[in-house]
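This report refers to the structure that appears directly beneath it.
The values are calculated or read from the model by the stated rules, or taken from the named source; none is laboratory data. These numbers come from a predicted model, not from an experiment. Cβ sites come from the backbone with ideal geometry, for glycine too, and all protein chains shown count toward neighbours.
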Amino acid sequence: TVEGAEALWEARASRSLRMTFRIEGDTVILRNIGHHNETLERP
């Protein structure tokens, strides 16, 4: 999970890219994708 953001998850898309998402039932909702620090500052 993303620190300080309950129910938000983080995954690595590549060596330099991260994505944040949440899961609702059987649906994955993508929230943000970008470079590691920028993405995790605003998940």
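Points worth noting:
- Of the residues making up segment 3-37, just one is part of a strand (DSSP E or B), exposed (fewer than 13 other Cβ atoms within 10 Å of the Cβ) and among the small types (Gly, Ala, Ser), namely Ala11.
- Residue within segment 14-34 that is touching a strand residue (DSSP E or B) at 6+ places or on another chain (Cβ under 9 Å) and modelled with pLDDT under 85 present: no
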